[in-house]
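Report on one structure; see the data block that follows.
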Amino acid sequence: MALYYCKKCGRIAHEVFSEKRQICDCCKSIMFTVPQKYLDDELDFMIKNDLSEDLLREELVKTSLEYDQYLFDHRDEILSKQSAELDAKRAIGRAILEEQNRTVNCSYCGSSNVRKIGLFNRAVSTELWGLASKKIGKQFHCNNCGADF
Ligand SMILES: [Zn+2]
Ligand SMILES: [Zn+2]
């Protein structure tokens, strides 16, 4: 375990998956190892008791060329927005999975050998056949009897 800091936004984070390059989860910059003098002698992954993260930021982040005042001031905001977006993405992912796992049976012959008609296919058929397309509003195609429903 080691501690890393971002020169751009001041994010301080623990090593992730012991990869050589640590990427800041806030601004996607490459992070740097926190120098030993800031670290607790016994616990390498902790800031020394008498030093604070703020001091580290004052000394290492604000003095660096990469320092970005906007990112620094909005770091927490950006991070919480990102985690909200991540949650939203996960929720969408779950909904898609549920949709995919939903078993559908052909409403004509009852076969479960059914495939979903993708948006792409629907777009193509709209293009080819215009509004007269039988596939419009149809979501599934039965591979057994060939019906769309
Ligand atoms: Zn950063
Ligand atoms: Zn069928």
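The values are calculated or read from the model by the stated rules, or taken from the named source; none is laboratory data. Note that the structure is a prediction, hence the values are computed from the model and not measured. Ligands, DNA and RNA are excluded from the accessible area calculation, which covers all protein heavy atoms including side chains. Shrake-Rupley method; radii C 1.70, N 1.55, O 1.52, S 1.80 Å.
Structure notes:
- Carbon-plus-sulfur accessible fraction, the chain (probe radius 1.4 Å, protein heavy atoms only): 54%.
- Per-residue ellipticity at 222 nm computed for the chain from its helices equals -10500 deg cm²/dmol, with DSSP H segments shorter than 4 residues left out and the rest contributing -39,500 (n - 2.57).
- Compared with the dominant principal axis of the Cα atoms in the chain, helix 69-101 is inclined by about 30°.
- Degrees, to the nearest 10: 119-129 long Cα axis against longest axis of the chain: 40
- Restricting attention to the chain, the count of lysine pairs at 8 or more positions apart or across chains with alpha carbons under 13 Å apart stands at 8.
- Average accessible surface area per residue within the chain, 1.4 Å rolling probe, Å²: 70
- Hydrodynamic radius by Kirkwood, which averages 1/r over all alpha carbon pairs of the chain, in angstrom: 20.0
- The heavy atoms of residue 40 offer some 30 square angstrom of accessible surface to a 1.4 angstrom probe.
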